[in-house]
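The values are calculated or read from the model by the stated rules, or taken from the named source; none is laboratory data. This one's a predicted model, so the numbers in the text were calculated from it and none came from an experiment. For neighbour counting, all protein chains shown are included, and Cβ atoms are generated from backbone atoms with ideal geometry for every residue, glycine included.
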Number of protein chains: 2
Amino acid sequence: MIKIGIDVMSSDNAPGIDVEGAVLAAREYEHHIVLVGNKDVIEKELEKYRPIPENISIEHASEVIGMHEQPVLSVRRKKNSSIVVLTNLAKEKKVDAIVSAGNTGAMVCAATLKCRLLPGIERAGIGIIMPTLKGTALMIDGGANIDAKPKHLLQYAIMGSAYSEYILNKRLPKVGLLNIGEEESKGTGFLKEAFGLLELSGLNFTGNVEGRDIFIGDCDVIVCDGLVGNVALKVTESIVHAIMEMLKSAFNSSLASKLGAFLSKRALRSLKKKMDSAEYGGAPLLGIDGICIICHGSSNAKAIKNAIRVAGEEVVKNVNRHIVESIS
Amino acid sequence: MIKIGIDVMSSDNAPGIDVEGAVLAAREYEHHIVLVGNKDVIEKELEKYRPIPENISIEHASEVIGMHEQPVLSVRRKKNSSIVVLTNLAKEKKVDAIVSAGNTGAMVCAATLKCRLLPGIERAGIGIIMPTLKGTALMIDGGANIDAKPKHLLQYAIMGSAYSEYILNKRLPKVGLLNIGEEESKGTGFLKEAFGLLELSGLNFTGNVEGRDIFIGDCDVIVCDGLVGNVALKVTESIVHAIMEMLKSAFNSSLASKLGAFLSKRALRSLKKKMDSAEYGGAPLLGIDGICIICHGSSNAKAIKNAIRVAGEEVVKNVNRHIVESIS
């Protein structure tokens, strides 16, 4: 049976949402789920879900790393935090995969320190699944490493391609380098060097892409450094939210538009679903010698449940073996 | 009378759209408008708009710089290109402001070389007006300079604040530094250094902001390097387009939603208008000793017209004087 550990203490709405998501997952999937956090608090939360699924257990962790704590320091100091206890479970192979919606930096740091990196990988990268007009694209790195070197971008491309092929089922995934323009000559020295490495990589590298290409969906893997990727991700999340708000107030502006909104409710709901990151669960932290899914701090229970589903899929499909094969 | 020069040869849909926008502007505003480009081609285009407004004249330029030409080289070699002839008009003070929807890099390069930079400014920056839930925000730099130094970000903040205050009429504009997180400790060494400079700047600096904060609208000026700004801009444009496409197909999915869409047409139109960059015209290139508006390559006639309007406003309000005062 696949065992998945989840930190239920560190998200914006912990522990309620995280425990709820874990219970939903335990009911829907056959995995054994280990809830990591304060035992008393978790037991009290679980009381809401009687009968408690048998495939749930608790691993006690007395501390919590806050969202705004400095990653390296907090991981070093809070040895009993849910994030550190969780990553120890992965390190000791007591679970097959780990999930957290807590402090991303702390999670990246703890997973890298405890699980170590795969051979040939120098930096872990967060893979973000973005909705596109043609399906989805994987953008890597979403913010694990903001001081990337060109060779790290090459490693991201290799990891992203393996993930795209084996988890997202895309054949010969097309890789693009996120840049300021499409021509080979564009960008900083850093990007030009990364371009050269990608050209020689043997991957299906299609050249530079611009921010506007992400949602068109012609690329399966979009490679960038963590700062650019993080801004692109957060801009996307934010504008989807802003447009939904604007739609809401636009629809409330007249009786006709209110009726219109009522009649078009289903259409809007399907749009919302397509744009909803909860559908994709979480973001894989690629490059570590283990399986780790990082969720948005404000994840809802459905997102947590889906992250556990994705973690299980990664275990079954052994994405890391494919990454190691590609690297070497 | 204010004189505004416009390159009508270099946009994606030149010269038709650019001439049309210029004619619309000539009819609506009192500025004298100088169309720069191939005389024969422009005269033929103008035939469509009889009677041709009297406040339009032509400045011949025999060459065109293509969208994908290398900026520095093309500006050096194509001395008779519309972009170079246009910037020469500004340099020689034959026009008060210039507008182009052509190759952004070439425009930045030509304007910087010909008009020179304002005293105290080391790099020009493109100011992008972004729609927010509370109005608009100015993001600078949108891609003029991708190899920025921390002091350039400080200069962007000063220019952006002056523009916000005197052109966008915001009192004590709030300045944010686009970063990966809100805490002061976040980001690369580059961003930390920029943070320190902004803190001591005397501007209304409110600290780091994330990609998600842009559209919330709590900041008036968002400072970033050109690569990050360009990605943020293009991601925004692209996702607005993608959402509109998804809305369209969602609305076409059933009879009820079609009727719903019909009834909510006005609401949707107002949303589209809010998100439509054509409303804002173009992006000011700040820092040069002159007034220059850079439009999107795929601008429509309305965007060109609005860019000419904004150029006129900048002339009247003398934004450069305020920038120079703030810098010193």
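So the values come out like this:
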quantity	calculated
Residue ID - surrounded by the most Cβ atoms within 10 Å (Cβ to Cβ), chosen from residues in segment A:276-328 that are within 18 Å of residue A:121 (Cα to Cα) and polar (S, T, N, Q)	A:320
Any hit, segment A:257-274, residues being modelled with pLDDT of 80 or more, in contact with a Phe, Trp or Tyr (Cβ under 9 Å, 6 or more places away or on another chain) and more than 7 Å from chain B (Cβ to nearest Cβ)	no
Of all residues in segment A:213-251 being more than 8 Å from every other protein chain (Cβ to nearest Cβ) and free of Cβ contacts under 8 Å to residues at least 60 places away in the same chain, the one that is nearest to residue B:130 (Cα to Cα)	A:244
Which listed residue is buried (at least 24 other Cβ atoms within 10 Å of the Cβ), outside any helix (DSSP H, G or I) and in contact with a strand residue (DSSP E or B) (Cβ under 8 Å, 6 or more places away or on another chain), from A:99, A:108	A:99
Qualifying positions in segment B:173-188 - over 16 Å from residue A:104 (Cα atoms) and within 8 Å of chain A (Cβ to nearest Cβ)	B:178, B:188
Leading residue by the ranking (surrounded by the most Cβ atoms within 10 Å (Cβ to Cβ)) among those in segment A:30-57 that are assigned to a loop (DSSP other than H, G, I, E, B) and in contact with a helix residue (DSSP H, G or I) (Cβ under 6 Å, 6 or more places away or on another chain)	A:31
Residue list for segment B:58-96, filter: touching an Asp or Glu at 6+ places or on another chain (Cβ under 6 Å) and assigned to a strand (DSSP E or B)	B:81
Residue count for segment A:213-232, restricted to those that are assigned to a helix (DSSP H, G or I) and crowded, with 24+ Cβ neighbours inside 10 Å	7
Some residue of segment B:204-212 being within 11 Å of chain A (Cβ to nearest Cβ) and surrounded by fewer than 24 Cβ atoms within 10 Å (Cβ to Cβ)	yes
Given (1) out of contact with any helix residue (DSSP H, G or I) (no Cβ under 7 Å at 6 or more places or on another chain); (2) outside the structural domain of residue A:88 (by TED's automatic domain parsing), number of the condition residue A:131 does not satisfy	(1)
Selection within segment B:73-117 - modelled with pLDDT of 95 or more and β-branched (Val, Ile, Thr)	B:75, B:83, B:84, B:85, B:87, B:95, B:98, B:99, B:108, B:112
Subset of segment A:118-137 that is assigned to a strand (DSSP E or B) and either among the hydroxyl-bearing types (Ser, Thr, Tyr) or at pLDDT below 95 (or both) - its residue that is nearest to residue A:286 (Cα to Cα)	A:128
